[in-house]
1. For region 111-118, check the following and say yes or no: at least one residue is modelled with pLDDT of 95 or more and of a type in the set (Asp, Glu).
2. Please work out which residue is farthest from the ligand (Cβ to nearest atom), limiting yourself to region 48-67 and to residues that are among the hydroxyl-bearing types (Ser, Thr, Tyr) and buried (at least 16 other Cβ atoms within 10 Å of the Cβ).
3. Run Ile99 past the list (1) among the β-branched types (Val, Ile, Thr); (2) without any contact (Cβ under 8 Å) to a residue 60 or more places away in the chain; (3) away from the ligand (no atom under 16 Å from the Cβ) and report the number of the one that doesn't hold.
4. Which pairs have Cβ atoms under 9 Å, sit 6 or more apart or on different chains, and link a residue in region 10-21 that is closer than 16 Å to Arg32 by Cα and open to solvent by 50 Å² or more (accessible area, probe 1.4 Å) to one that is among the charged types (D, E, K, R) and part of a helix (DSSP H, G or I)?
5. Every residue in region 18-33 that is in a helix (DSSP H, G or I) and over 22 Å from the mean Cα position of the chain (by Cα), please.
6. Quick one: would you say Arg36 is under 27 Å from Leu86 (Cβ atoms), surrounded by 10 or more Cβ atoms within 10 Å (Cβ to Cβ) and under 21 Å from the mean Cα position of the chain (by Cα)?
7. Let me spell it out: the conditions are (1) surrounded by 10 or more Cβ atoms within 10 Å (Cβ to Cβ); (2) more than 21 Å from Thr128 (Cα to Cα); (3) among the hydrophobic types (A, V, I, L, M, F, W, C), and Met45 meets all of them except one. Which number is the exception?
Amino acid sequence: MRIGVSLPDNLLNKFDKIIVERGYSSRSEGIRDSIRSYINYYEWMKEIQGPRVATITLVYDHHKRGLSTTMEEIQHNHTDIIKSSLHIHLDHDNCLEVIVLEGDGEDIKELAESLLSLNGVKFSKLTTVPPVSKI
Ligand code: NI
């Protein structure tokens, strides 16, 4: 199937640069690969169940209107699973935040999804580890 997609210039420029660096034969092949990775990631997310220890790493633009407040509110609503967090002001615009969690996989996922999908979040990564007794 053929689809049409609108993308901001800078996103497409970065994507094209990576495609060249990685030796893809076409932009379409790169897009197919990206969609597969996206699907794999969310399928992996679906399998996070039971007791877990996890980290969420985020880089975001703190100038984005309302973003810092929303992030704070979300975290205040999940104090039952948030064990610790680290915040570093990377430069004039960007902040790095690492949140350490312990709790049920479903709750961790729900929290991660709500943070990862916020507008203004430039990088995000969820890592989970089974409980120490099961390693
Ligand atoms: Ni900051």
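1. no
2. Initially, region 48-67 is screened for residues among the hydroxyl-bearing types (Ser, Thr, Tyr), giving 55, 57, 60.
Checking which are buried (at least 16 other Cβ atoms within 10 Å of the Cβ) leaves us with 55, 60.
On the way: Thr55: 18, Tyr60: 9 Å.
Once the filter is applied, the top-ranked residue is Thr55.
3. Unmet condition: (3).
4. Correct list of pairs: Phe15/Arg27.
5. So in region 18-33, the residues in a helix (DSSP H, G or I) come out as 18-22, 27-33.
Scanning region 18-33 gives Val20, Glu21, Arg22, Arg27, Ser28, Glu29.
6. No.
7. (2)
Here's the yes/no breakdown for (1) in contact with a helix residue (DSSP H, G or I) (Cβ under 6 Å, 6 or more places away or on another chain); (2) outside the structural domain of Thr127 (by TED's automatic domain parsing); (3) farther than 30 Å from Pro131 by Cα:
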| residue | (1), (2), (3) |
| --- | --- |
| Ile18 | no, yes, yes |
| Arg22 | no, yes, yes |
| Ile31 | no, yes, yes |
| Ser34 | no, yes, yes |
| Asn77 | no, no, no |
| Leu90 | no, no, yes |
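The values are calculated or read from the model by the stated rules, or taken from the named source; none is laboratory data. Owing to the predicted nature of the structure, the values given are computational and were not obtained by experimental measurement. Because the Cβ atoms are built from the backbone with ideal geometry, glycine has one as well, and the counts that use them run over all protein chains shown. When the accessible area is computed, the model is the full protein with side chains, heavy atoms only, and any ligands, DNA or RNA have been set aside. Shrake-Rupley method; radii C 1.70, N 1.55, O 1.52, S 1.80 Å.
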